[in-house]
1. Quick one: dipole size for the chain, taken about the Cα centre, charges +1 on Lys/Arg Cβ and -1 on Asp/Glu Cβ, in debye to the nearest 20.
2. Which residues does a label at R71 reach in segment 19-34, if reach means a backbone N under 17 Å from a point 7 Å past the Cα toward the Cβ?
3. Any idea what the relative contact order of the chain is, in percent, if you count C-alpha pairs under 8 Å spaced at least 6 apart?
4. So for the pair A42, A19, with labels modelled 7 Å out along Cα→Cβ, what separation do we get in nm?
5. For the chain, what does the accessible surface come to per residue with a 1.4 Å probe? Please give it in Å².
6. Using only Cα atoms, figure out Rg for segment 2-106 and give it as a multiple of 2.2 N^0.38 Å.
7. With runs of 4+ DSSP H residues as the only contributors, calculate the mean residue ellipticity of the chain at 222 nm using -39,500 (n - 2.57) per run, divided by the residue total and rounded to the nearest 500.
8. Would you mind telling me the share, in percent, of accessible area of segment 2-106 contributed by carbon and sulfur at probe 1.4 angstrom?
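The values are calculated or read from the model by the stated rules, or taken from the named source; none is laboratory data. Everything numeric here is computed off the predicted structure, so don't read it as measured data. Please note: Cβ atoms are built from the backbone with ideal geometry, for glycine as well, and neighbour counts cover all protein chains shown. Only protein heavy atoms, including side chains, enter the accessible area calculation; ligands, DNA and RNA are left aside. Shrake-Rupley method; radii C 1.70, N 1.55, O 1.52, S 1.80 Å.
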Amino acid sequence: MRRRAQKELPARLEELAAAHRLSFGAVAVRHQRTRWGSCSPAHAISLNLRLLFLEPELVDHVLIHELCHTRELNHSKRFWALMQIHDPDWKRHRRQIREAWRTLPRWLHAGNGGSEL
Ligand SMILES: [Zn+2]
């Protein structure tokens, strides 16, 4: 599963970055306990292995969210305005990924506290 994620997720991130003209520094795939992804001040994006269990549309939403953090490293109004440009359906997607976190397979040890980005 890890090998699959380490191949698929960075490849999709590259594609989306090119399509949306956003860039990032590095990408790593991890088994994070509390979040779908994160972005460091150096624009290194971490993606959760558990993304493999999401529909492609929602994976793209998470990847775009992290790519937007390379422009705005916060959840300010400016950040959500960027999301509106790159993922016009972001409000619905955000609800869906929160719901998806709660319904992940139990063997992934998903807690109820997570789903932050
Ligand atoms: Zn975020």
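1. On the way: 20 positive and 12 negative charges, 84 e Å.
Value, rounded to 20: 400 debye.
2. 19-25
3. Rounded, it is 26 percent for the chain.
4. So the label points at A42 and A19 sit 2.9 nm apart.
5. Working: 6780 Å² over 117 residues.
Result: 58 Å² per residue.
6. Values: Rg = 12.7 Å, N = 105, 2.2 N^0.38 = 12.9 Å.
Normalised Rg, Cα atoms only: 0.99.
7. On the way: 4 runs with 55 residues, N = 117.
Estimated from H runs of four or more residues: -15000 deg cm²/dmol.
8. Numbers: 2970 of 6000 Å².
That fraction is 50 percent.
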